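Data block below; observations after.
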Amino acid sequence: MITNKTLKLSLKSLREFAKKKLTDQELIDLDARDECPIEIVRELCNPDKIGIQLLFIPEEFGGMGGNTFDVYCICEEMARIDLGIATSVLATFLGSDPITVGATPEQKKLWLSRIADEGILFAYGATEPEAGSDLGALRTVAERVIENDKIIGYKISGNKQWISNGGVADAYSILANTQAGPSWFVVEKGAKGFTHDEPEDKHGIRLSNTAALALDNVYVNADRLLGGVEGQGLLQAQAVFGYTRLMVAAFGLGAGWAALDRAIPYSTKRIQAGAPLSEKQGYTHKLIVPNVARLEAARAYIEETAERIDAGEGSLNTEGAIAKYMATEAGNFAADASIQALGGYGYTHEYMVEKIKRDVRITTIYEGTSEIMEMTISRDRWQLHLKTRGQHYHDQAKKFEELHARHPNVGAGSAAVALHALAEVMEKARLARLTRYQHILFRLGELIAFAECAGSLARRASLMAENKLNEKANRRFDATTLAAISRVFAREAALKVTQDGLRWIVGGGGISDADLDTFARRFASAAHRAQAGLISDMDFVADTLYGRAQRASAA
Ligand SMILES: Cc1cc2nc3c(=O)[nH]c(=O)nc-3n(C[C@H](O)[C@H](O)[C@H](O)COP(=O)(O)OP(=O)(O)OC[C@H]3O[C@@H](n4cnc5c(N)ncnc54)[C@H](O)[C@@H]3O)c2cc1C
């Protein structure tokens with residue numbers, strides 16, 4: 001268990017370490033040289049120095065036993081510093097996951113204690129040249145080595161692709177096919193027949209080492225099969241998806257905010273047409289405020305999911321997918337808008353936002369691409385829609401109508417509009433069997449993510465107003481501002497679900513002309529009416545961001 005005080009101290013020491021060792025110039029130079037600063041990564045993982053890995057190792061193995069919420073906070077902070085270095089640290093975390101989830105007590109003691117005490121670096125070897133999103137296509141094999149009718153070891157052969165820490169790790173979790181199916185093995189560096197390629201020359205996260213691995217009859221003893229039972233590999237990988245996707249979600253969030261936190265101060269100093277850019281609505285309301293709203297909606301979903309995982313609700317894979325999808329897409333938009341916000345300066349290396357944009361690009365690709373997230377979200381919620389005979393999102397919407405009655409200012413009314421519209425769109429899709437179109441199935445995933453995040457942010461704003469927010473939760477904004485941010489996002493979600501939903505239903509031939517008019521009257525007009533007050537709420541959020549005397553909000 002980590003107290004709030006300890007967590008805040010860890011975050012502070014991370015920031016101070018970065019301030020000293022990872023100045024902007026240092027980061028720019030390392031990025032230009034395409035160099036992984038391995039000594040910095042090792043210092044971060046050295047228990048006598050920063051020892052950041054201790055946070056995610058259970059106390060019984062010498063760690064601090066941080067929970068999901070703690071790890072989210074640390075991941076966000078690391079991403080604000082540098083996403084490449086954050087990836088390197090996360091690789092140890094990912095690599096140790098199959099151990100935490102599936103290893104025998106002896107294996108856990110051996111490997112988790114070594115990560116805690118010695119700060120050894122792990123890599124997570126799942127992806128292959130032919131097996132990316134579809135891990136089932138895995139070709140690496142682990143052949144049994146038998147002596148006196150007993151399995152004494154395995155010989156592993158195959159290739160792994162895009163492995164973070166691939167060229168610098170001390171130990172590797174490797175997914176390989178056994179007779180009984182995919183299984184995780186630990187392979188140590190230097191094992192005979194085990195080699196890695198030169199680091200990849202990447203678009204972004206150039207401070208992280210990414211390398212292909214080759215295994216040519218690499219022998220490991222039988223006790224390197226994690227859990228001691230063959231065929232558990234995919235289950236072990238799936239058991240932590242909710243958790244690990246939340247960490248990458250925190251990366252998107254941290255990187256997105258890192259970019260905005262450069263654009264916001266820049267715009268107060270840059271004078272154009274006689275006034276700072278920060279005074280210009282056409283600038284703030286396009287480039288800054290909507291990105292703040294999307295990032296904070298994603299944060300609300302991340303925090304809620306982290307709390308639920310910590311409360312023992314299971315691995316919450318779909319919620320992890322929604323958090324990752326929203327936060328990483330929002331992080332990318334925010335970083336791109338930040339380049340625009342700095343104009344020509346934003347397009348140069350010196351101002352950092354272009355590096356952040358290149359770095360954050362990976363977050364919609366690794367740990368499951370955005371398209372795979374859309375599929376995961378849509379398939380799962382589609383089942384809920386069917387099971388409840390179309391009522392699932394109507395029921396959710398009713399809860400937000402109740403919340404709106406108690407807290408009329410937190411955007412719950414617009415969130416309810418989004419959720420009702422979502423239920424109707426899904427029902428129309430069911431009646432016309434539109435999920436036979438993969439594109440519509442995936443687009444539904446996007447709409448579901450927007451509607452659920454609008455709900456989460458409204459709930460978070462209400463908890464903040466009642467002073468009931470988790471003590472470790474981010475408190476950048478006060479209750480009034482968070483409520484305004486929530487209203488801005490909920491309006492976007494209501495409009496998006498209604499307009500895009502209708503677009504795909506009409507596009508798939510799923511609605512008659514007469515029905516279209518009814519639907520448009522009921523839901524589209526509600527979504528349009530929900531936009532009332534949008535401009536004054538955006539003014540209010542901009543005023544808060546720029547520390548100006550606030551005009552009245554729409555609430
Ligand atoms: C810098 C970096 C670091 C990485 N680190 C690691 C690591 O440490 N360990 C590890 O195991 N892996 C790692 N990866 C691999 C990463 O997880 C994969 O790249 C990712 O899962 C996608 O697989 P792929 O590259 O083969 O793309 P593909 O799976 O070939 O996908 C290509 C495109 O097709 C889309 N697509 C795929 N399947 C479908 C479908 N069924 N329907 C519709 N569209 C689809 C995808 O969304 C994507 O847009 C890393 C990758 C990079 C680039």
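Find, among the trypsin sites (Lys or Arg not before Pro) in the range 240-312, those assigned to loop by DSSP (not H, G, I, E, B) with at most 12 other beta-carbon atoms within 10 angstrom. Sites meeting the loop and neighbour criteria: none at all. Separation of the range 67-82 and the range 211-266, taken as the distance between their Cα centroids, equals 14 angstrom. Qualifying trypsin sites (Lys or Arg not before Pro) in the range 411-500, where qualification requires a DSSP coil assignment and no more than 15 other C-beta atoms within 10 Å, comprise ARG433, LYS468, ARG475, ARG476. The 1.4 Å probe gives accessible areas that order LEU495, LEU110, largest first, as LEU110, LEU495.
The largest accessible area among LYS399, LYS21, LYS357 belongs to the first residue in LYS399, LYS21, LYS357, and the rest follow in falling order (1.4 Å probe, all chains).
Taking amide hydrogens as placed 1.01 Å from N in the peptide plane, the amide H of GLU367 sits under 5 Å from that of no residue at least 5 positions away in sequence or on another chain. Just name one of ASN467, ALA493, PHE450: the one whose Cα is farthest towards the positive end of the charge dipole of the range 437-495 (beta-carbon charges, Lys/Arg +1, Asp/Glu -1). Of the options given, the answer is ASN467. Rounded to the nearest Hz, the phi-derived 3J(HN,Hα) couplings of the range 199-216 under the Karplus curve 6.51 cos²θ - 1.76 cosθ + 1.60 (θ = phi - 60°) are x, 5, 8, 9, 4, x, 5, 6, 8, 9, 8, 10, 9, 7, 10, 10, 10, 10, where x marks glycine and proline. Here the accessible area is traced with a 1.4 Å probe on the protein chains. For the range 321-472, carbon and sulfur cover 51 percent of it. Scalar couplings 3J(HN,Hα) for the range 395-403, obtained by applying the Karplus form with A = 6.51, B = -1.76, C = 1.60 to θ = phi - 60°, are 4, 4, 4, 4, 4, 6, 5, 5, 4 Hz; x denotes Gly and Pro. Counting only protein heavy atoms and a 1.4 Å probe, the chain has 41 square angstrom of accessible area per residue.
Stretch GLN531-ARG144 to full length: gain in nm at 0.36 nm per residue minus the Cα-Cα span? Provide the component values of the computation, followed by the final result.
Numbers: separation 387, 0.36 × 387 = 139.32 nm, distance 6.37 nm.
132.9 nm is the gain from fully extending GLN531 to ARG144.
Kirkwood radius, the range 170-226, all distinct C-alpha pairs, inverse of mean reciprocal distance: 12.9 Å. Sorted largest first, the spans of the alpha carbon positions of the range 78-195 along the three principal axes are 53, 34, 26 Å.
Tell me, what % of the accessible area of the range 211-317 is carbon and sulfur with a 1.4 angstrom probe? Answer for the range 211-317: carbon and sulfur cover 51 percent of the accessible area. Solvent-accessible area of the range 1-100 (1.4 angstrom probe, protein heavy atoms only): carbon and sulfur portion equals 52 percent. Taking the Cα centre of the range 1-140 as origin and assigning +1 to Lys and Arg Cβ atoms and -1 to Asp and Glu Cβ atoms, the resulting dipole is close to 500 debye.
Evaluating kT/(6 pi eta Rh) at 37 °C and 0.692 mPa s, with the Kirkwood radius of the chain over Cα pairs in the Stokes-Einstein relation, gives 134 µm² s⁻¹. When only C-alpha pairs under 8 Å and at least 6 residues apart count, what is the relative contact order of the range 250-305, in percent? Dividing the mean separation by the residue count of the range 250-305 yields 37 percent.
Relative to the longest principal axis of the C-alpha atoms of the chain, give the angle of the C-alpha long axis of helix 4-21, reported between 0 and 90° and rounded to the nearest 10°. Value to nearest ten degrees: 80. Phi angles across the range 148-159 convert, under the Karplus curve 6.51 cos²θ - 1.76 cosθ + 1.60 with θ = phi - 60°, into 3J(HN,Hα) values of 6, 6, 10, 6, 9, x, 9, 10, 9, 9, x, 10 Hz, Gly and Pro given as x.
Relative contact order for the range 332-422: 16 percent, from Cα pairs under 8 Å spaced at least 6 residues apart, divided by residue count.
Apply the Debye scattering formula to the range 190-348, with a single equal point scatterer on each alpha-carbon and no solvent, then give log10 I(q)/I(0) at q = 0.14 Å⁻¹. Log10 of I(q)/I(0), two decimals: -0.88. Relative contact order, whole percent, for the chain stands at 12, derived from Cα pairs under 8 Å and 6 or more residues apart.
Want the number for ASP310 to HIS349: 0.36 nm per residue separation, take away the alpha-carbon distance, what's left?
Details: separation 39, 0.36 × 39 = 14.04 nm, distance 4.00 nm.
Contour length minus the Cα-Cα distance gives 10.0 nm.
Just the ratio, please: alpha-carbon radius of gyration of the range 450-496 over 2.2 N^0.38 Å, N its number of residues. Relative to the 2.2 N^0.38 Å estimate, the range 450-496 comes out at 1.12.
Among all stretches of the chain without exposed GluC sites (Glu not before Pro) (DSSP loop, at most 12 other Cβ atoms within 10 Å), which one is longest?
On the way: sites that count: GLU130, GLU313, GLU466, GLU471.
With a cap of 12 other Cβ atoms within 10 Å, the longest stretch comes to 131-312.
The values are calculated or read from the model by the stated rules, or taken from the named source; none is laboratory data. Just so it is clear, the model here is predicted, and its values are computed rather than measured. Note that each Cβ is placed from the backbone with ideal geometry, even for glycine, and that neighbours are counted across all protein chains shown. Ligands, DNA and RNA are excluded from the accessible area calculation, which covers all protein heavy atoms including side chains. Shrake-Rupley method; radii C 1.70, N 1.55, O 1.52, S 1.80 Å.
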